[in-house]
1. Roughly how many nanometres apart are two label points built 7 Å out from the Cα toward the Cβ at Val55 and Glu12?
2. For the chain, run through the trypsin sites (Lys or Arg not before Pro) and keep only the ones in DSSP coil with at most 11 other Cβ atoms within 10 Å of their Cβ.
3. Can you tell me, using C-alpha contacts under 8 Å and at least 6 residues apart, the relative contact order of the chain as a whole percent?
4. Expected output is a single nm value to one decimal: the length gained when fully extending between Glu24 and Ser85, i.e. 0.36 nm times separation in residues minus the C-alpha distance. What is it?
5. Whole-Å semi-axes of the chain's equivalent ellipsoid, largest first, each the root of 5 times a Cα gyration tensor eigenvalue?
6. Would you mind ranking Leu30, Leu78, Leu51 by Cβ crowding within 10 Å, fewest neighbours first?
Amino acid sequence: MAGFVKVAKANEIAPGKGKMVEVEGKKIALFNVEGSFYAIDDTCTHRGGPLSDGVLDEKEVTCPWHGGRFDVTTGEVLGSPAPKSVARYNARVEGDDIEVEI
């Protein structure tokens, strides 16, 4: 069933940081970019590294395993060795809660 699901509190993710949440069996990386929240698949398309543990530089996250780079606002791959983009999910803040559309 599609819809928005509460996944975290807004104060749990500091600006410039990420966090992994699991929703309906999917691992999703949530990122706080200057107070706006973005959600993409947490698994790098190269070797499965956890993107939520990567370094966030503005809107770009670098996989901590081998350095694949992704745009957290679109899921688009920006640099090798990652061969393809990851899925992006709509995220919103309702009160203090972050919700992701699944």
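1. If labels sit at Val55 and Glu12, their model points lie 2.6 nm apart.
2. Listed in order of number, the matching sites are Lys84.
3. In percent, rounded to a whole number, it is 28.
4. 19.9 nm
5. 21, 15, 11
6. So the residues, fewest neighbours to most, are Leu78, Leu30, Leu51.
Just so you know, all these numbers are worked out from the coordinates, no wet-lab data involved. Because the structure is a prediction, the values reported are computed rather than measured. Here the Cβ is made from the backbone with ideal geometry for all residues, glycine too, and neighbour counts use every protein chain on show.
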